[in-house]
Amino acid sequence: MYDLLIRNGVIINSDGIVNADLAIQDERIVAIGLGLAGRRVIDADGCYVIPGAIDPHVHLQMPLAGRVSSDTFRSGTIAAACGGTTTVIDFVEPQPGQSMLAALAQRRAEAIGEVAIDFGLHMTIPTWHATTPHALDEVPAAVAAGCLTFKMYQAYQGMVLDDVALLRALTAVAEAGGRTVLHSETGPVLDILRADALAEGHTEPIWHAYTRPAPLEASAVHRAAELADLAGCPLYIFHVGCQESVWEIIQARARGIDIWGETCPQYLLLTAEEHLGGLNGELYVCAPPLRTYDDNQLLWQALARDDLQVVSTDHCPWTAEEKRQPDFTLIPGGVPSIEARLALVHHFGVNQGALTLERWVQVCATNAARWMGLERKGRLAPGCDADVVIFDPERVKYIAPDTLHEHAGWTPYEGLEVTGWPRTVLLRGQLIVEDEQYVGMPGDGRFVERR
Ligand code: MN
């Protein structure tokens, strides 16, 4: 007799589908099979039973130029939970002169007691830390503290690493047994294109896309792949949005380079012409920028063929007011989607035939867990954390700001009806969403040390 049994569901893992019951004891999955008995039983008849989704790229209460992104650790993780995500990975951004461990302690303290789901943190290596003697000496200690992954940038003042600094940082991370997640764009050249466009009087949001051409995203990916290979550092490219970058990843993988790519719902579903170039185009400013319909289609194919491995959100929820700015260079970048990701990939991927159910689970949960060092997550198997989503594939959900728990007040997916939505969510065996209602407590989530 087990503590808790999920009965009659269709259990989907990245490597197979079975009709079986799933038994939970304390915080772990203990058995999957037929005819199991439980003191408490949840009936999942007609539903999929899948591992809690992992979103390895979110920005909650992120400080930027005197503002803070609108979802707090509390509201953002409640929204994530309601959308079937049970682990997120956010960021530590050490300030110039600040130690990585001090910054980590500060960021952890902001989240603990607030988060509805488990979380990890990527350690950012800003320009100062990559270029100041001995600042990288702390990398092994950050790895030991559970920050397996290090965020680097090839763009943005204060963050940008030129090729020399990038190689130095990649080498330090590789030697410490860590891994690198990368914002890949040829930033210093984009800065010139942006300044030129402004000087010519172009202020509209569409110029955000015109001044960040895809070949300058792809050439950054190419250089980073070669540098990571030299350093022996596993590399994961964040938010791949264009065909040109996908080709670079395919070719680097063919050369034997240890590189993965992620994309996000906005790159799969939105376009520069329609969204950045349309009404309220400023809402859709994110970097890299939205591209074309052809890019959308190719990204779906790349996900299906394992040329890309993960769908994250890059959830960065600025309000419409914060995004309304006099020119495109002043608009804070990012779009919200922490809640709808799993359902969007199901609706537009699985329902429309681009992805199998197993691949859906793989790109939304299993692969991110594996690459990011979340050993007990992303799978339904004995010994794994009982992070479980009961997903109703027939539920029709109308997406709008007031049907979501996100705080930005707008969503790129307003007005969409998706078929399939999470009904019930468990975090380490505890019910946190029941019949689409959040029933957990802030602080249910824990910091996960990633190895
Ligand atoms: Mn990001």
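Values computed for the structure shown
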quantity: Antiparallel content of DSSP bridges confined to the stretch 52-372, in %, to 5; calculated: 5 percent
quantity: Dipole in debye (nearest 20) - the stretch 242-286, about Cα centre, beta carbon charges: Lys, Arg +1; Asp, Glu -1; calculated: 200 debye
quantity: Mean Cβ neighbour count within 10 Å, used as a protection proxy, ranking 347-360, 191-204, 235-248 highest first; calculated: 235-248, 347-360, 191-204
quantity: Peptides ranked, highest mean first, by Cβ atoms within 10 Å: ranges 386-398, 110-122; calculated: 110-122, 386-398
quantity: Å² per residue, accessible surface of the stretch 52-372 at 1.4 Å; calculated: 33 Å²
quantity: Neighbour net charge for residue 401 - beta-carbon separation under 12 angstrom, K R +1, D E -1; calculated: -4
quantity: Debye, to nearest 20: dipole size of the chain, +1 on Lys, Arg Cβ, -1 on Asp, Glu Cβ; calculated: 960 debye
quantity: Set of the stretch 303-320 residues, backbone N closer than 19 Å to the point 7 Å along the Cα-Cβ line of residue 253; calculated: 303-313
quantity: Within the accessible area of the stretch 52-372 (1.4 Å probe), percent carbon and sulfur; calculated: 55 percent
quantity: Gap separating the Cα centres of the stretch 65-95 and the stretch 407-422, nearest whole Å; calculated: 18 Å
quantity: Simple spin-label estimate for residue 356 and residue 106 in nanometres, 7 Å along Cα-Cβ; calculated: 4.7 nm
quantity: Mean-position separation - Cα centroids, the stretch 213-284 and the stretch 286-323, in angstrom; calculated: 9 Å
quantity: Point-to-point label distance, residue 330-residue 431, nm (Cα→Cβ direction, 7 Å offset); calculated: 5.0 nm
quantity: Percentage relative contact order, the stretch 52-372, counting C-alpha pairs under 8 Å, at least six apart; calculated: 19 percent
quantity: Heavy-atom accessible area ranking, 1.4 Å probe, most first, across 15, 163; calculated: 15, 163
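The values are calculated or read from the model by the stated rules, or taken from the named source; none is laboratory data. This one's a predicted model, so the numbers in the text were calculated from it and none came from an experiment. Don't worry about glycine lacking a Cβ; one is built from the backbone with ideal geometry, like all the others, and counts go over all protein chains shown. Calculation scope for accessible area: heavy atoms of the full protein, side chains included, ligands and nucleic acids excluded. Shrake-Rupley method; radii C 1.70, N 1.55, O 1.52, S 1.80 Å.
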